[in-house]
Structure formats: structure tokens, C-alpha cells
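Since the structure comes first, as C-alpha cells, the remarks are kept for the end.
The values are calculated or read from the model by the stated rules, or taken from the named source; none is laboratory data. Because the structure is predicted, anything quoted here is derived from the model rather than measured. Here the Cβ positions follow ideal geometry from the backbone for every residue, glycine too, while neighbour counts run over all protein chains shown.
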Amino acid sequence: MKIIVSLSILLCFLISGLSIAISDPDLIVYFPYEEMSGNIILDQSGNGHNGDVKGKIKIVDNGKRGKAAEFQQGDYIDMNGPDFAADQIPKNEITICAWVNCKKTGDHHEIFNARAADQTWVIHPEIRSEGAFRWLLRTDGGNTIFDFTAGVVEWEKWMHYAGVYDGKKSTLYINGESVGEGNGGAKIAKDWGLGARVGRTIDDARPFTGLMDDFNLWKRALTKDEILIIMTKGPEGIIKGESVSPNGNVASTWGDLKSH
């Protein structure tokens, strides 16, 4: 009887652990897009950076990993940029990842955008209308650290975007493969005083239109192997110590928190 009770308690603990936020000191925001609370997108990073939905974003079943967010043209998520603590804003290193499935609208699609108090446009991870991906960062004062486009967009198909900056160079990974590199050597602008958004620029341009899954933002540069893990397991895979085999496959375990 004691064994049965102990196993029951352990099972309840494990199941309850699946529903709580994950935790890593370098993971700033994580939107798995599995559920909403009213007009709030829930942040599962443990930092409480829930996003306010502006428009008619819906959670739909046909995500890349489980469910996804469906953005109509003009929808976005307000991240309340001015409220971010200084230690929660990437300045030395950054990684931004998301699964994206965009419609060809003739416009650019902004994955994430932030603007500093000095009016610097800090970051542009984009799907460009001409069919390429963009990755850009700027310093305080508006100096561009790097700005390049690379890769080939396949419209209305799932593609994984990962923009990385380690302080020395920048790398853009599409579907887990490096497609371009840029300069480094400077710190990223230190605040988001004029706002931060997912899905649209601060001046209401470049509306992301289509599906997005597993948006996650880090204040360190992830490795290629870590990006491969995120593609299949989400940030949970990194936190739980998943590994990549020599042939590039990620080990499969029961601990993947989202259904495929």
C-alpha cells in the first residue's frame, strides 16, 4: 500500500510539473502558443512577460509542435517593452527563435521588434516580401551592428528562424542550418523604452500574417546543436539536457512537453 501511495504521489508531482513554467536564467520569453487567458498570451519562461493581444490572434490546432498562434494582417502581441527590467534585455548576446508559416501578402513579416527610448530601431528578425530572411541589430544611438538578408522563404510552409549574436559575430539559421553571417563587436541597445512587439513593428508596419509557433527569446547565443534541440523539443529540451547525436538527430524522450 505504501508503495502504491508513493508512486501515486510521484506521478501527480510529475504531471503537475508539466503545466508549470520552465526555468533558465537566460531564457527571457517563451510563447509556446498552447493557450491564451482572455486576450493574454502566456509566457512560459518563468519571467511573467505575458503579452497583450492586439487584434484577433487565435490559438489553432495546426501548429508545428502542438498548437500555434494565427495572426491576421495587423494583429500583434504587445510585450510592454518599457516595463522590462534592465537585466532582462539582451545587450551582450541574443538568440531569437520561432517556427513561422507566412502567407505571401506582398509585405514584409516582422517576427519581433523593439525600439529604444532614443528612437533606435533595435532589432529586426523578418521574413521579407522578396522571399529572403532578415537579421539586424543596432546599438544605443542607432549604429547598425549588422544587417543582412539570407536564405529562401517557402511561403505557407513551416520554417524555423533562429537569429544569433554572440558579441563577436551574428549568424542566421534557417531550419537548423546556417544561411548567413554578419559583423559583431558592439553591444545591443540597452532598453525597449518605446515598446516591444511580436508580429508588427512599433510604427504599425510589416505585419506578420500566418502562423507562428514556439517563439523564444534568450540573452545568450545558442549553439547550432541547441537550436536543433529547440526545433524538435522546444526550450524545454535544452533545460532538460537533451543532446544531438553525431548524425544530427535529437534524442527522443517521453519528456517532450508538447505533442507533435
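Please report, ordered by residue number, the strands (runs of 3 or more DSSP E) entirely within region 26-82 with at least 2 residues that are among the small types (Gly, Ala, Ser).
68-71
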>> Quick test of your reading of the structure: Thr105 fulfils all but one of (1) farther than 23 Å from Val164 by Cα; (2) of a type in the set (Val, Ile, Thr); (3) touching a strand residue (DSSP E or B) at 6+ places or on another chain (Cβ under 6 Å). Name the failing condition by number.
In response: (3)
> Counting only residues that are over 27 Å from Asp107 (Cβ atoms) and hydrophobic (A, V, I, L, M, F, W, C), which one in region 71-89 is nearest to the chain's Cα centre (by Cα)?
Replying inline: Ile89
>> Can you go through Ala196, Ala205, Ala189, Ala221 and tell me which one is in contact with an Asp or Glu (Cβ under 9 Å, 6 or more places away or on another chain), at pLDDT 95 or above, of a type in the set (A, V, I, L, M, F, W, C) and farther than 29 Å from Ser23 by Cα?
In response: Ala205
> Is there any pair linking a residue in region 170-198 that is in a strand (DSSP E or B) to one that is β-branched (Val, Ile, Thr), with Cβ under 6 Å and at least six apart or on different chains, and which?
Replying inline: Thr171/Val164; Leu172/Val179; Tyr173/Ile227; Ser178/Thr171; Glu181/Thr171; Gly195/Ile202; Val198/Ile77
> Looking at Ile22, Ile40, which is the one that is at pLDDT 75 or above and either in contact with an Asp or Glu (Cβ under 9 Å, 6 or more places away or on another chain) or within 26 Å of Trp192 (Cα to Cα) (or both)?
Replying inline: Ile40
> Where residues in region 78-112 are over 21 Å from Glu236 (Cβ atoms) and among the β-branched types (Val, Ile, Thr), which of them is surrounded by the fewest Cβ atoms within 10 Å (Cβ to Cβ)?
Replying inline: Thr105
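Just give me the residues in region 24-43 being more than 15 Å from Asp87 (Cα to Cα) and touching a helix residue (DSSP H, G or I) at 6+ places or on another chain (Cβ under 8 Å), in sequence order.
Within region 24-43, the first condition is being more than 15 Å from Asp87 (Cα to Cα), and the residues that meet it are 30-43.
Passing the criteria: only Tyr30.
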